[in-house]
Amino acid sequence: MDCITTQATSVATATLAALTAIFSAATAYRSYRLTRTIHEDAKSDERLIVGAISHPELRERSHAEALIQLPIFNKSKRKAYIDGLSVYDRAAKPIEVTWSQEIDDLGNVKHASELVGIIDAVTIFIRRNDGQEIGYARVLLSHSFSETRYVVIFDSSVQFVKAAHETARNF
């Protein structure tokens, strides 16, 4: 091989290597963008929907006053979990509570824990430890889908006004 042939082969090989590197970089970038798009689409479905918070129906009405129920629906295909719950009164003072997804016939929380898994839907029962009535509560939920705590407010006076308004409208 002469010098010109060797030089031409080297230039062709270098050009081919540069084109391969450019193609590789473009493919890696497109792969990264596709992965991010798929990840964002999967995360967009990760939502918890919280229903109306209320006192549950128990045989003994006085037992239900220290207890509220919070229905939660998991819209995602992935399992979610509630890993923390705080309750505050109107003056923003913490209320000591026990919570779980099960209660007995008298409204006592069964199997209290600090973690509740949600595959489809669950109702969380929150019982005030001192047994007093819950008339107002600001509930902060920590869950696996977000770093931001979910805030739900229960106010029995608002529910009373809504019920009275519905009754008046039906007459």
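The values are calculated or read from the model by the stated rules, or taken from the named source; none is laboratory data. Nothing here was measured: the structure is a model prediction, and the numbers come from that model. Neighbour counts run over all protein chains shown; Cβ positions are idealised from the backbone, glycine included. With ligands, DNA and RNA removed, areas are computed over all heavy atoms of the protein, side chains included. Shrake-Rupley method; radii C 1.70, N 1.55, O 1.52, S 1.80 Å.
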Taking segment 152-165 only, how many residues are at pLDDT 75 or above and open to solvent by 80 Å² or more (accessible area, probe 1.4 Å)?
1
Only one of these is touching a strand residue (DSSP E or B) at 6+ places or on another chain (Cβ under 6 Å), at negative phi, of a type in the set (A, V, I, L, M) and surrounded by fewer than 18 Cβ atoms within 10 Å (Cβ to Cβ): LEU106, LEU140, LEU67, LEU85. Name it.
LEU140
Criterion (part of a helix (DSSP H, G or I) and either open to solvent by 70 Å² or more (accessible area, probe 1.4 Å) or without any contact (Cβ under 8 Å) to a residue 24 or more places away in the chain (or both)) met by exactly one of ARG30, ARG78, ARG59, ARG90
ARG30
How about segment 128-137: which of its residues are open to solvent by less than 40 Å² (accessible area, probe 1.4 Å) and not small (Gly, Ala, Ser)?
ILE134
In segment 43-54, how many are assigned to a loop (DSSP other than H, G, I, E, B) and either farther than 29 Å from ASP130 by Cβ or open to solvent by less than 40 Å² (accessible area, probe 1.4 Å) (or both)?
5
Of the listed residues (GLU114, GLU133), the one being more than 30 Å from GLU40 (Cα to Cα), of a type outside the set (Gly, Ala, Ser) and in a loop (DSSP other than H, G, I, E, B) is GLU133
Has segment 143-152 got at least one residue that is in contact with a helix residue (DSSP H, G or I) (Cβ under 9 Å, 6 or more places away or on another chain) and of a type outside the set (D, E, K, R)?
yes
Residues of segment 42-76 being modelled with pLDDT of 75 or more and among the polar types (S, T, N, Q), in sequence order, are SER54, GLN69, ASN74, SER76
Could you go through segment 146-160 and let me know if any residue there is touching a Lys or Arg at 6+ places or on another chain (Cβ under 7 Å) and assigned to a loop (DSSP other than H, G, I, E, B).
no
